[in-house]
Each structure stands twice: as structure tokens, then as C-alpha cells.
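Report on the structure given below.
The values are calculated or read from the model by the stated rules, or taken from the named source; none is laboratory data. Quick caveat: nothing in here was measured; it's all calculated off a predicted structure. No Cβ is skipped: glycine too gets one built from the backbone with ideal geometry, and neighbour counts run over all protein chains shown. Side chains are part of the model used for accessible areas, which takes the heavy atoms of the whole protein and leaves out ligands, DNA and RNA. Shrake-Rupley method; radii C 1.70, N 1.55, O 1.52, S 1.80 Å.
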Amino acid sequence: MRLTRQRLNRTLLLRQHLLERVAMSPEEMVRHLVGLQAQENLPPYLSLAARLTELDPYDVSRLLEQRQLVRLLTMRGTIHLLAPEDAAALRPWVAPRIEQEIRVSQSVGDTREIERSAAEAALRDVLAEGPLPQKEIGLRLAERFPYPPTQLGQLARSIAPLAQLPPRGCWKKPGGVVYDYVDRWTGVPMAEPDVPDLVRRYLRAFGPATAADVTAWSAVTRLGPVVKGMDDLVQHEDEDGRVLYDVDGAPIADEDAPAPVRLLGTYDNVWLSHAARDRVTDPEARKSWMGTNGGIGNTLFADGWLAGIWRIVDDRVEMDRLHRDLTKAEKSELDEEIARVEAMLAR
């Protein structure tokens, strides 16, 4: 089947549950999406609020505190909110990519020169008695290695599967970064990743897609042979004739399916998980969102496409800029979305 860009847009939004909210638990949604981008604290809550019929943000906090969700450095070398089983499989899968980033990261500096097994052994000793703040980890490692503590702390979070513990990421709870080994924290042992299964799960939430798209989502390379070798996948084409792989029986949306206004955070994997980054954006809109060090604001989607930037001021939603004029119907939908978000922010 040849799929237009518009149909791919609507299909992505359908599978992301952004065409219509669904009655799922936060944990179920996090599993379906194979994690939520959580580099900042607020975006996961906005991601869930945009997709679920009901969301109590304190439920997400409780899931973090009860170790049923966890924050961990995984895909693309960024923090994600994950189910423990996914954290246990995804971190080993992306570890080689994180290792590549260590080689060029300014935040780790020359600590990259420390022999890896020695650094890992020292970190195990430092964390032997339990979790520690990142600053303390760096200071204790500096007793063993002649490098700045801040750089050693950054190295630690990169070379080992260290979860960010609550209250980090909890709703309206301040707290610095405290780390522990994710498998010790959750009780779920690290696992050998089932790469074909991860590809299928990606496709259920983000497909149809190419192997390059899976790489854009995960930052794991050389996936072409894996994807092409999965004989259970079906194939479509995009407007340029490129082959798109998909899970057999996965839904394809109609081109004219209504796409209501949605307010999302600065980051959401819905627009970070395809190679061209154009499933829900165009280059000009994306350029307006990009700053020197990442996204400059929260995002407004209208009719399925990035349509503006917004921010929060005193727990109120303020529109920063619009890329086009909204229709009367879209303005009404935006008012409803703002009311929903502000009601959550007031919690």
C-alpha cells in the first residue's frame, strides 16, 4: 500500500492515541509508547494528559515511588520514563550508543580516559551501601581519580544503568538527582534485549517506518538487516517509494481523520522518532522550535501538525507564537485543551 504523508501523519497520531483519548492507566500508556521522553520533569505529564481520558498526576508520582515506573538514561542518550522491564532491556540495547557519546561529550571531559572496568568497579564500591546524590557520587569518585567531581558524576550516569530516584520526576516535588542501579531499585534484573520484539513494539506505536526511523527513535544503528530479516512484517511505501515496515494488522488511519488540538511538552517522542522528523512537523515549524541547546518551548499541535509554541506562567498556559491562524473550531479546541492543562497544573 502506498501511503501519503498526510495518511502517515494520521496513522502515527492514531497509534499514539493523539486522535482520541483512551481510558488506559499511565503505566499501560508508558508501556505502549515504549517509554516517555522525560529529560524535563513536566513533559511526561503533558504527554499522558494529551492521550488519556483521565490523569491524576499524583498517580504517576505514586508509580515512581512504588518502583512501577522508573527514570533512566536510554534512547538517544536521554532520560525516559519507563516500565521496569523495559528499562532492564532497553539500557543494555542502547549502551553501545551511549558509549559512543561518552567519547565526544564535553560534560564528561577527560574522564573518558579512565579505564572502563576501573571506573565501573569504583562506582560499585561507591554505591555499595545504597543510593547517593549525583554530587556525592562525583565527590567520592574524585577520591580515586584525579578529575573534576562534576565530570565524574556525568561519567557515572553514562557508564552504568543508574535510575533517577524519587522525588525526581514526581509531581510538584522538588529534589536533586539521586542515583541507584536500576535493577537493584526495581528488583527487575537486566535482560538481553529481544531486538525484533522491540522493533515490533516501536512499529505498533510509531509505524509504518523504516529501519532508519527505528534508529532515529533509539539511536541504535545497523538495524537494517534486523528489520529486513523479520518475515512477519508487512510492507508499505511512502510517496517517494521508500519501503515502510509494519506489524501485520496494525491500523492505518484515513487521511481525513480529524486531528484535534493537543498541547504537549517541550519534548515528546511523537516528533523525535522518525529519521526525517517530518511526520508531524515541517522544516520551518521545527526550526522555530529549535534553540541553541534544544527545544525553546512547549508545543501546540493543530490538525495533526506542529502549529505553535506555548509556555507556563504561574500555572497558566500562555501562547508564545502561532505558525498559522487557527480556525474557529481549532480555537475552541485550544480553549478546551488549555482548561484541561491548567486544571492539572492547579493540582
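In square angstrom, rounded to the nearest 10, how much accessible surface does residue 210 have for a 1.4 Å probe?
We get 30 Å² for residue 210.
At a 1.4 Å probe radius, carbon and sulfur cover how many percent of the accessible area of the chain?
Percent of accessible area from carbon and sulfur atoms in the chain: 49.
So what is the accessible area of the range 17-85 per residue, in Å², with the probe set to 1.4 Å?
32
Looking at the range 62-162, which trypsin sites (Lys or Arg not before Pro) are DSSP coil and have at most 13 other C-beta atoms within 10 Å of their C-beta?
none
Quick one: which residues, 5 or more positions from residue 321 or on another chain, have an amide H under 5 Å from its amide H? H modelled 1.01 Å from N in the peptide plane, none for Pro or chain starts.
309
Which of the trypsin sites (Lys or Arg not before Pro) found in the range 213-276 are in a DSSP loop and have at most 13 neighbouring Cβ atoms, other than their own, within 10 Å?
Those that pass, being in a loop and sparsely packed, are 222, 242.
For the chain, what does the helix formula give at 222 nm: sum of -39500 (n - 2.57) over DSSP H segments with n ≥ 4, over the residue count, nearest 500 deg cm²/dmol?
Computed ellipticity for the chain at 222 nm equals -12000 deg cm²/dmol.
Specify which residue in the list 43, 181, 119 is farthest towards the positive end of the charge dipole of the chain, using unit charges on the beta carbon of Lys, Arg (+1) and Asp, Glu (-1), about the Cα centre.
Farthest towards the positive pole: 119.
If amide hydrogens are placed 1.01 Å from N in the peptide plane, which non-local residues have theirs closer than 5 Å to the one on residue 306?
281, 282
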